[in-house]
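Taken together, the values in this text are just the output of simple stated rules run on the coordinates, not laboratory data. All values reported here derive from a predicted model rather than from experimental measurement. We place every Cβ from the backbone using ideal geometry, glycine too, and count neighbours over all the protein chains shown.
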Amino acid sequence: MTTRTLGVIMNGVTGRMGHNQHLVRSVLAINEQGGVALGDGERVLLRPVLVGRNSAKLRALAQTYGLEEWTTSLGEALDDPGAEIYFDAQTTQARVPAVTKAIEAGKHVYVEKPTAESLHGATELAGLARTAGVKNGVVQDKLFLPGLLKLKRLVDGGFFGRILSVRGEFGYWVFEGDWQAAQRPSWNYRSEDGGGIVLDMFPHWTYVLESLFGRVDAVTARAVTHIAERSDEDGKPYDSTADDAAYGIFELDGGIVAQINSSWCVRVNRDELLEFQVDGTHGSAVAGLRNCRVQHRGMTPKPVWNPDVPAEHGFRGQWHEVPDNVDFDNAFKTQWEMFIRHVADDAPFPHDFAAGARGVYVAEAGLRSSAEGRRIELEPLDDHS
């Protein structure tokens, strides 16, 4: 068995997601397991090159994990011929110019979503990557969560019969930053800095809905800013100019209706921070990040509406857990391994920049629907390229 090393430029890993999920739980975890196995038995180890604006944070990160290569110069990193992949987990506003430079340098590119702030920017990146002939991918991590993998197993197995509807609940209370520190960066709540829950979450809902249930044909949404003022990382108050909650209806190909609430201003009364309920003629399922429960039509109780007497059914106890059946790995790491095989072994990778642009398209449609107070039908994306 032979082993080779592939350099990966990682821009934006001083942030929470880039640090925890991409550097530690994906790239470093891949090396700890001996690399990514290719089809011919060869294994690929990764050589991370950390890039960012804050030298002190980069130095500390490198020291913590025993890494030698870091720089505040993106150009310097892109000049490294052994670093074939560029990864971007920066703020959305910074993504397009940095990824453009990486494509022009001939690097294969893998980025966090959304790929851009606008459909124009997202389709331009997709076109640049296609013209340059570089391999490209966008993070679509939720497809690889145990709960959604179980849900896909049910869909593929015909458990639901004809699927009627999907209902999603996502979110939690993000503290305002005055009396308790916020769990998310302050730029998330400023539209001028690329923030907003629609741009953040609607790309997620797009790939989940379209991968499991069908193409999004129309969107009706209401985006709101519930918390008008927050405090930043230094305790300084600022005006919240970005939407912090969104209530959306997504009409899917085949007549399925999906309703998804997304909010950073909601207190959780469910088993997980994200849950989808899918209802079909033959059965229903509730899937979260890790777990999935089902109720088949043969086991469906027969409640009768009567508000004058206490409920006779313990409804939650009438559902059954879907077994794991396999060992589930970290969702981000799983997709990293897929992209490495795509680069090193030419393995298929459907989650490309075109798929990322699709998510931005739906997000733009949601914002337009909210602003204009109407349903927005989606035209074929090629018409906007």
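Nothing charged except the Cβ atoms of Lys and Arg (+1) and of Asp and Glu (-1): what's the magnitude of the dipole of the chain about its Cα centre? Round to the nearest 20 debye.
Magnitude of the dipole: close to 700 debye.
Qualifying GluC sites (Glu not before Pro) in the stretch 271-342, where qualification requires a DSSP coil assignment and no more than 15 other C-beta atoms within 10 Å, comprise E312.
Can you list which of the trypsin sites (Lys or Arg not before Pro) found in the stretch 331-375 are DSSP loop residues with at most 13 other C-beta atoms within 10 Å?
Within the stretch 331-375, the qualifying trypsin sites (Lys or Arg not before Pro) (loop, at most 13 other Cβ atoms within 10 Å) are R374, R375.
Enumerate the lysines that K101 could reach by cross-link, defined here as Cα to Cα under 26 Å, with residues fewer than 8 away along the same chain left out. K101 reaches K57, K113, K135, K333. Which option, (i) 16.7; (ii) 18.8; (iii) 21.9, is the value of mean projected area of the Cα convex hull in nm² that was calculated from these coordinates? The listed entry that was calculated here is (iii). Based on Cα contacts under 8 Å between residues 6+ apart, the stretch 95-167 shows a relative contact order of 30 percent. Here's the picture: charge each Lys and Arg Cβ at +1 and each Asp and Glu Cβ at -1 in the stretch 53-178, and of V174, Q90, S73 the one pushed furthest to the positive end of that dipole is V174. Relative contact order of the chain: 20 percent, from C-alpha pairs under 8 Å at least 6 residues apart in sequence. Projecting the Cα positions of V322, F353, W305 onto the charge dipole of the stretch 259-371 (unit charges on Cβ atoms of Lys, Arg, Asp and Glu, taken about the Cα centre) puts W305 furthest along the positive direction. For the stretch 70-213, dividing the convex hull volume of the Cα atoms by the residue count gives 172 Å³ per residue. For the stretch 127-235, applying the loop criterion from DSSP together with a ceiling of 14 other beta carbons within 10 Å to the GluC sites (Glu not before Pro) yields E233. Label zone (R368, point 7 Å along Cα-to-C-beta; backbone nitrogen cut-off 18 Å) within the stretch 221-243: 221-223. Structural descriptor for the stretch 204-351: relative contact order 12 percent, calculated from alpha carbon pairs under 8 angstrom and at least 6 residues apart.
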